[in-house]
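Q: Before I ask anything, here is the structure I am working with.
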Amino acid sequence: MRRNRLGVFILVVLALILTACEDKARLEKQDRADFALNTFITIQIYDEPELEEEQWGALFTGIRDIEALLSKYDDNSEVSNINDNAGRDRVKISKTTYEVLAFAKEKSKFVEGAFNPVIGSVTSLWRIGHDDARVPSKEELEGVLNKLDINKLSLSEEGGSYYAKLEDKGMSLDLGAVAKGYAAERTKQKLKEMGIKRALLDFGGNIVILDEKQPLKEWKIGLQSPFANRGEAFMFVVAGDEAVVSSGDYERFSVIDGIKYQHIIDPFTGHPVNNEIRGVSVIAEDSALADIYSTSLMVMGKEKAKAFVKEKKLEAVFFYSDGSYEALLKEDRKNGTL
Ligand code: AMP
Ligand code: MG
């Protein structure tokens, strides 16, 4: 896969422990970083026991295993196998892939199609963030807009085996909007199984906090401003054992003939999203769900997204193109500018 480095902006989120005066030892950390899922991944542990190298290896291998199942850019992945067999055969898949697909399908309906895991036919035409990104013709787009029916992703379980099929030829899965969030959540579970009670995971803007030591929300998570330099936090939210996941037009984009096109596609038009929202951060218990929501809110646009957050009692911070921001958070959640 060719990567357009200039087009890939990694959201850097700063995390600080608020009550630093408590016991100092807990601030000592063990950490590792690596590149996977097309992003930088860091895992910081603020707890004992010290992990063995083998355990660190297992954490990152686990992430790569998920990528190897779900990446549409890996010809050997299960997702590629499903895509290659669209309109033909059902494909036997792992329980992991089945779980992600079932979750994605259910949530796609919940967000009324704003997040659509069968967006692959459209993203393959645009190839935003890649060296060969281009603007597809009207005819090309019209040819794929009828390949986006989530009900035509068939999932089944038979005698302990799992299967998936895309019913129409030309349909294609793209799990880019949920894979990082899912992998981060799974990694959190693995850390727990290793006996770790406090850690911070950053999967390129998908922040997951593991904190079983403190019932209080005591992590101060800095949110990247779409307008500032990379790594410059603009404001913060306080979070506990939960996830803070961001999507934005600055994360991945391509400039074609002087026009900037971002990587999030409106499934109803087939065009890259272009509305007042430049970035959004969602706070939720589950990072896979927060990942789906952050992408969905970008697609919905300001008014619909705000109404959705209120109706479903979600928590989100929106960054708008005029430079303002709006935090729709629970009353007791502290937040503010830095
Ligand atoms: P995220 O960074 O989580 O917002 O996910 C964006 C990625 O998900 C893109 O790079 C595409 O691979 C894919 N994608 C783009 N638009 C959509 C959409 N409307 N629904 C689902 N996935 C999408
Ligand atoms: Mg997402």
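Q: At 1.4 Å probe size, with every protein chain present, just tell me what the per residue accessible area of the chain comes to in Å².
A: Solvent-accessible surface per residue comes out at 45 Å².
Q: What lysines does residue 310 reach when the alpha-carbon gap must be under 26 Å and sequence neighbours fewer than 8 apart in one chain are set aside?
A: Cross-link targets: 105, 107, 109, 180, 217, 220, 302, 330, 334.
Q: Compute the long axis of helix 179-193 from its Cα atoms, compare it with the longest principal axis of the Cα atoms of the chain, and write down the angle in degrees, 0 to 90, nearest 10.
A: 40 degrees
Q: Where does each of 306, 260, 152 land when they are ordered by accessible area, with a 1.4 Å probe and the largest first?
A: 260, 152, 306
Q: On to the next question. I want to check the label-to-label distance for residue 48 and residue 333. Put each point 7 Å from Cα in the C-beta direction and report it in nm to one decimal.
A: Here the answer is 3.4 nm between the modelled labels.
Q: Between residue 35 and residue 230, with labels modelled 7 Å along Cα→Cβ, what's the label distance in nm to one decimal, could you check?
A: The answer from the label model is 1.1 nm.
Q: Which angle from 0 to 90°, rounded to the nearest 10, does the C-alpha axis of helix 287-300 make with the longest principal axis of the chain?
A: Tilt relative to the chain: about 60 degrees.
Q: Taking all protein chains in place and a 1.4 Å probe, what share, in percent, of the accessible surface of the chain do carbon and sulfur account for?
A: Accessible surface attributable to carbon and sulfur in the chain totals 47 percent.
Q: Let me ask something additional. Using a 1.4 Å probe and ignoring any ligands, DNA or RNA, find the accessible area of residue 227 and quote it in Å² to the nearest 10.
A: 90 Å²
Q: List the residues whose amide H sits under 5 Å from the amide H of residue 93, counting only those 5 or more places along or on another chain, with H placed 1.01 Å from N in the peptide plane.
A: 162, 163, 164
Q: Now for a different question. When the C-alpha atoms of the chain are aligned to their principal axes, what extent does each axis show, in angstrom, from largest down?
A: Taking the Cα atoms of the chain, the three principal extents are 62, 51, 38 Å.
Q: Further, regarding this structure: Could you tell me the accessible area of residue 324 in Å² (1.4 Å probe, neighbours in place), rounded to the nearest ten?
A: We get 50 Å² for residue 324.
Q: Compute the label zone of residue 135 within segment 230-261: residues whose backbone N is under 14 Å from the point 7 Å along Cα-to-Cβ.
A: 254-261
The values are calculated or read from the model by the stated rules, or taken from the named source; none is laboratory data. Source: prediction; values computed, not measured. Positions of Cβ are generated from backbone atoms using ideal geometry, with glycine treated the same way; all protein chains shown enter the neighbour counts. Areas reflect the complete protein model, heavy atoms only, side chains present, ligands, DNA and RNA absent. Shrake-Rupley method; radii C 1.70, N 1.55, O 1.52, S 1.80 Å.
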